[in-house]
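These notes concern the structure reproduced below.
Derivation of every value follows stated rules applied to the coordinates shown; laboratory data play no part. Quick caveat: nothing in here was measured; it's all calculated off a predicted structure. As a convention, Cβ positions derive from the backbone with ideal geometry for all residues, glycine included, and neighbour counts pool all protein chains shown.
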Amino acid sequence: MPQLTENFTRLLARDVFSEADAQFLYDWLLERGVSNAFRAMLERWLADELKHYQALRRCYHALARVSYDEMDREAASRAKQRNIESIADFLVDEFSILLLLAYDEIGSTYSYRRDLHEFYRHFGRAIAKVGQHLVRDEGQHFSNAAELILSLYPDRLKDVQATLAQFDAREKQLARTGSYHGTFFLDHAQEQTRFPKDFNAITMQVIEARLGIAALPCQGKLKRLWQWKPVGCSFVPVP
Ligand SMILES: [Fe+2]
Ligand SMILES: [Fe+2]
């Protein structure tokens, strides 16, 4: 259990602040202008992400005894390191932004699903509930982004596969530099060792399936997204 607690707190130390990045992304997008339908979706999305931020702060405080003041200072220091330039070319048109959101949210859904299984459910009812809400909400965010693509940009479905391949390549490139760029999107640099090698390939197929342009991966592949563990481990260690 001490090992589990140590890994969970290390995970929370990052996830708390990733959720907080939603506010930055929301402000950035609204300043540049988005369609009314996207804006309405973003309002609900931000409310959820800020709820996640507050819930994870409480979990982190309960488990690691880190004070809320300390978390505020950490959030402020991370805000200074933001670097949206590294993904700015993906944020030029709304179709690409929605697809990037879908890509991020489906990754979060499966990632939190594993975290719920390996960590959240072992730390009492309240923390288990937080984990369940995270999985449900991120899944809904993925679905909402996909629905908007289908209703607003049906003529861009032909671009989905190539655009997703660009996201995947950029994410891997950013992961190699290991830098935190704090923009909510493609921010899993520190997490690469925690996923099976084909994680992106499978989640990308899930996105394509949701958009009606591919078949859903088989159940075995979907299960591996959140049940995969490195050989000899009972849970995925958090570096
Ligand atoms: Fe979230
Ligand atoms: Fe989300």
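The range 1-50 and the range 184-239 have Cα centres separated by 20 Å.
For V92 and A201, the difference between the fully extended length at 0.36 nm per residue and the C-alpha to C-alpha distance is 36.8 nm. Taking R0 as 25 Å, what FRET efficiency do you get between R136 and Q81 from their Cβ-Cβ distance, rounded to the nearest 0.05? Working from the Cβ atoms, E equals 0.25. Partners of K129 within straight-line reach, counting lysines whose Cα lies under 17 Å from its Cα and excluding those fewer than 8 residues away in the same chain: K51.
Dipole of the chain computed with +1 at Lys/Arg Cβ and -1 at Asp/Glu Cβ about the Cα centre; of I202, V34, A62, farthest Cα towards the positive end is A62.
Take the Cβ atoms of D159 and A209, set R0 to 22 Å, and the FRET efficiency comes out at 0.85. Remark: spin-label model distance S143-R58 equals 2.4 nm, labels positioned 7 Å along the Cα→Cβ axis. In units of the rule-of-thumb radius 2.2 N^0.38 Å, the range 119-239 shows an alpha carbon radius of gyration of 1.18. Taking a straight Cα-Cα cut-off under 21 Å and skipping sequence neighbours fewer than 8 places away in the same chain, no lysines fall within cross-link reach of K158.
By the rule of a C-alpha distance below 21 Å, with chain neighbours fewer than 8 residues away ignored, the lysines paired with K229 are K172, K197, K221.
Here the calculated FRET efficiency for H122 and T193, from their Cβ-Cβ distance with R0 = 25 Å, stands at 0.70, rounded to the nearest 0.05.
Kirkwood hydrodynamic radius of the chain, from the reciprocal of the average inverse Cα-Cα distance over all distinct pairs: 18.3 Å. For the range 64-76, 3J(HN,Hα) computed residue by residue from phi via the Karplus equation (6.51, -1.76, 1.60; θ = phi - 60°) reads 9, 6, 6, 6, 5, 4, 4, 5, 4, 5, 5, 4, 5 Hz, glycine and proline entered as x. Return, ordered by residue number, the residues of the range 70-109 whose backbone nitrogen is under 19 Å from a label point located 7 Å along Cα→Cβ of L222. It comes to 102-109, nothing else.
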